[in-house]
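One structure is given below, encoded as structure tokens.
Derivation of every value follows stated rules applied to the coordinates shown; laboratory data play no part. Predicted model, so just to flag it, every value in this text is computed and none were measured. No Cβ is skipped: glycine too gets one built from the backbone with ideal geometry, and neighbour counts run over all protein chains shown.
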Amino acid sequence: MNQQIKVKIEIFQEEDLYVSLCPELDVSSFGETIEEAKQSLQFALSAFLEECEAMNTLEVVLEEAGFIK
């Protein structure tokens, strides 16, 4: 994928873990530190977007999330 997408991320602590969330795409992950949670979310977002692209649904998913080309 050659496009760059800027998304909002939220990170909050839940017990001993940090949860990272991208509300626009409804993708989340976690880590033991804030940095680990950010990196984990980056990986999850990349995997999600690559899978959407492989299924030819990326444009529809992004439009439904409010992204404009």
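Taken together, the residues in the range 48-69 that are surrounded by fewer than 12 Cβ atoms within 10 Å (Cβ to Cβ), farther than 17 Å from Val7 by Cα and either of a type outside the set (Gly, Ala, Ser) or touching a strand residue (DSSP E or B) at 6+ places or on another chain (Cβ under 7 Å) (or both) amount to 2. Do we find that Glu36 is in contact with a strand residue (DSSP E or B) (Cβ under 9 Å, 6 or more places away or on another chain), more than 17 Å from Lys6 (Cβ to Cβ) and part of a helix (DSSP H, G or I) in this structure? Judged against the criteria, Glu36 is a match.
Taking the range 15-33 as the range and being of a type outside the set (Phe, Trp, Tyr) and in contact with a strand residue (DSSP E or B) (Cβ under 8 Å, 6 or more places away or on another chain) as the test, the residues that pass are Leu17, Val19, Ser20, Leu21, Cys22, Pro23, Val27, Ser28, Ser29, Gly31, Glu32, Thr33. Selection of the range 1-16 for residues being without any contact (Cβ under 8 Å) to a residue 60 or more places away in the chain, surrounded by 10 or more Cβ atoms within 10 Å (Cβ to Cβ) and part of a loop (DSSP other than H, G, I, E, B) yields Met1, Gln3, Val7, Ile9. Given the structure, is Val19 among the hydrophobic types (A, V, I, L, M, F, W, C), exposed (fewer than 15 other Cβ atoms within 10 Å of the Cβ) and either under 12 Å from the mean Cα position of the chain (by Cα) or not in a loop (DSSP other than H, G, I, E, B) (or both)? No; evaluated as a whole, the condition is false for this residue.
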